[in-house]
Amino acid sequence: MATESLKFARAWDDDFRGWTESLQLGRKVKKPARSARKPSTWTGSPVGAREPEDYPGKGSKADVRARLRAIVRQGRQVMVKITPGKNQTMRSVRKHLNYIGQDGQGVVYDQDGHAHRGEDEVNDLAWKWQHVGPTMPEEANTRLAFNIMFSMPEGTDERALFAAVQATAAIEFAGHQWAMGQHFDRPHVHCHISVKAEGMDGVRLNPRKADLQRWRERFAHELRKRGVEAEATRRASRMHQQRMNKPWAVTRLETRGLSTNPAPAQADRKRVHRWRDTEMQAASSYERIIDALQRSSDVADRVLARELAESLVGRQARTTVRHDNRIRPDLDRS
């Protein structure tokens, strides 16, 4: 009897892991193949690739259940984005470093934790970036540095966010020269980081969507370690309807309350179908996760199943599955 129970538990764990991976709660996102690498300006050898490990415990039972609870509570989502700016000249790099330092009014911290105050010290930091390690010409055909912003909604502990960003950068940008500063000019709590594109070992930073998601997940993990409720779940995993009927530029103008003339273009049908397929997969996974949690021998799992089923995500998942079940026979007959 005990053996059969153990087999059932292992099978349940395997299924549960598979369904949560389909929501990318525990799966390592696969990065696309990269193009041929150029030689390093520092070492002269072909530039390598570096990818830090996921945060400790990612994909474990405790981690996945904690993230499901955050989805139930509609926890605060972290935001990490690469801000505009090609940074193909040292002038633009110096300008952004001074922006991080609020034109001499704030403090810029480098990768070693040293504080740089005032425009003169920040310009000295820019000079070190240019002449220490891989060279940075006055003008280049490639990006010399990346500008990145980490933020959380208003009301987040500012010190905890600063420490979480610092810890995230120390791991994700290890081997690179980087500088950061915290700004207080907007309601949302945020930090700006500038990262020198080529690392001291010749490895060049080349972020893709998978990298951004990993940064988000590590940032959220570091915030949770410091007592801040944070999550980094994909929009599809939250059953969040994507604004796909309008181009991104139009949506951004509307968010800012600006005119959107001329009228928005028609939706991209392939994108709409791809999104609906992804949403259906997520809905099916939620239905199976809820069922698996309800059959668990752990009382906490059954409580989580009930909360997940009654949450906005659970209701949306049920609606999506039922709608798909209704229209599928019609599609088969046609």
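The values are calculated or read from the model by the stated rules, or taken from the named source; none is laboratory data. This structure is a prediction, so every number in the text was calculated from the model and none was measured. Quick reminder, even Gly has a Cβ in these numbers, built from the backbone with ideal geometry, and neighbours come from all protein chains shown. Protein only, heavy atoms only, side chains kept; ligands, DNA and RNA dropped before computing areas. Shrake-Rupley method; radii C 1.70, N 1.55, O 1.52, S 1.80 Å.
Summary of computed values
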quantity	calculated
Segments 94-103, 130-139 sorted - mean Cβ within 10 Å per residue, highest first	94-103, 130-139
Highest average packing first - 151-157, 214-220, Cβ atoms within 10 Å	214-220, 151-157
Stretch gain in nm, segment Ala174-His131, where the contour uses 0.36 nm per residue and the Cα spacing is subtracted	13.6 nm
Sulfur and carbon atoms: percent of accessible area, segment 165-231 [1.4 Å]	54 percent
FRET efficiency for Arg186 and Ser296, using Cβ-Cβ distance with R0 set to 56 Å, rounded to 0.05	0.85
Principal semi-axes in Å for segment 67-116 [√(5λ), Cα gyration tensor, largest first]	33, 16, 10
Isotropically averaged projected area of segment 104-224, using the convex hull of Cα atoms (one quarter of hull area), nm²	7.9 nm²
Computed lengthening from Ala163 to Glu229, 0.36 nm per intervening residue step minus Cα-Cα distance	22.3 nm
Label zone at Ala210 (point 7 Å along Cα-to-Cβ), backbone N below 18 Å, segment 153-185	172-173
Percentage relative contact order, segment 66-207, counting C-alpha pairs under 8 Å, at least six apart	28 percent
Relative packing of peptides 277-283, 292-298 - highest average C-beta neighbours within 10 Å first	277-283, 292-298
Rg ratio (alpha-carbon, reference 2.2 N^0.38 Å) - segment 43-157	1.41
Cα→Cβ-extended label distance, 7 Å offset, between Arg318 and Lys61, nm	2.7 nm
Too-long pairs where the Cα-Cα distance tops 26 Å, listed order kept, from Lys58/Lys81; Lys86/Lys209; Lys81/Lys196; Lys128/Lys209; Lys81/Lys225; Lys58/Lys209	Lys128/Lys209
All-pairs Cα distance distribution in segment 83-142, expressed in whole percent, bin size 10 Å	24, 52, 24, 1
Segment 98-106 - phi-based ³J(HN,Hα) in whole Hz, Karplus 6.51/-1.76/1.60, Gly and Pro as x	5, 5, 4, x, 6, 6, x, 8, x
At R0 = 56 Å, FRET efficiency that the Cβ-Cβ distance of Thr278 and Glu138 yields, to 0.05	0.80
